[in-house]
Amino acid sequence: MEAEGPRIFVNLPDQESIGVVDRNTGVVTNGKIPGYTNVHAMALDEASHRLFATSLQPGRLMWSTRNPAGSLPCFPASLALTIYG
């Protein structure tokens, strides 16, 4: 959940996507990450405008910013993420 904004990011495992809920309007939008299924852990770095997520198939750590997203291999059972800083 954004502390300084209206968005809540949620995992929608049955749709294999990530949802974004606007707390002001109640509108829910969702998007799939092409090529990745079973997205589990998510962490928001609001200060840097980055959303991190891990997928089980394939085991990847992905991030999205205002720029193109990136990814790195990770252990497939990564079920928790913590942002320090």
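Points to keep in mind about this one:
- Scanning the range 45-85 for residues that are among the charged types (D, E, K, R), within 27 Å of E4 (Cβ to Cβ) and either at pLDDT 70 or above or in contact with a helix residue (DSSP H, G or I) (Cβ under 7 Å, 6 or more places away or on another chain) (or both) yields a total of 3.
- Extreme residue, surrounded by the most Cβ atoms within 10 Å (Cβ to Cβ), among residues of the range 41-60 that are free of Cβ contacts under 8 Å to residues at least 24 places away in the same chain and assigned to a strand (DSSP E or B): S55
- Of all residues in the range 27-38, those that are surrounded by 13 or more Cβ atoms within 10 Å (Cβ to Cβ) and within 10 Å of P58 (Cα to Cα) total 3.
- Lone qualifier among V27, V39 - being more than 25 Å from P73 (Cβ to Cβ) and of a type in the set (A, V, I, L, M): V27
- Residue-level analysis places T25 among those that are modelled with pLDDT of 85 or more and either under 20 Å from S71 (Cα atoms) or outside any strand (DSSP E or B) (or both).
- Search result, residues across the range 1-26 that are small (G, A, S) and closer than 23 Å to R60 by Cα: S17, G19
The values are calculated or read from the model by the stated rules, or taken from the named source; none is laboratory data. Predicted model only: the values in this text are computed from it and were never measured. Please note: Cβ atoms are built from the backbone with ideal geometry, for glycine as well, and neighbour counts cover all protein chains shown.
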